[in-house]
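The values are calculated or read from the model by the stated rules, or taken from the named source; none is laboratory data. Keep in mind the model is a prediction, meaning the values are calculated, not measured. Neighbour counts run over all protein chains shown; Cβ positions are idealised from the backbone, glycine included. Heads up: the accessible areas ignore ligands, DNA and RNA and are worked out on the full protein's heavy atoms, side chains in. Shrake-Rupley method; radii C 1.70, N 1.55, O 1.52, S 1.80 Å.
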Amino acid sequence: MALTERQRKTLRGLGHKLHPIVRIGDKGLTAAVTAELEQALAHHELIKVSVRAGDRESRGALISDLCDNSGATLVQRIGNVALVFRRNSEAPRVVLGSR
């Protein structure tokens, strides 16, 4: 899903108060982590993911794989934490501006 800069700004504002729901460790994207991620995105739409594995490049690769596999969009990444968004088409929770 392509987000405009205004939508990203809105999501960053909403994500500021969130705490990481999914944590990825040294073992990477396991089946259990992927299932938990799917469940969290379906329920919340906007989540924070903490990645505590490897160096900067490997964390970036893990976040990229996470977004590709789940169909989510990376809104923001700061250090070990990524803010990820995926619209729930059946019951949207997050209101995005149309601009």
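List of remarks:
- Some residue of region 9-22 being in a helix (DSSP H, G or I), open to solvent by less than 50 Å² (accessible area, probe 1.4 Å) and in contact (Cβ under 8 Å) with a residue 12 or more places away in the chain: yes
- Residues in region 23-66 that are outside any helix (DSSP H, G or I) and open to solvent by 80 Å² or more (accessible area, probe 1.4 Å): Arg23, Asp26, Lys27, Arg52, Asp55.
- Scan of region 67-99 for residues that are free of Cβ contacts under 8 Å to residues at least 24 places away in the same chain and open to solvent by 60 Å² or more (accessible area, probe 1.4 Å), ordered by number: Asp68, Leu74, Arg77, Ile78, Ser89, Glu90, Val95, Ser98
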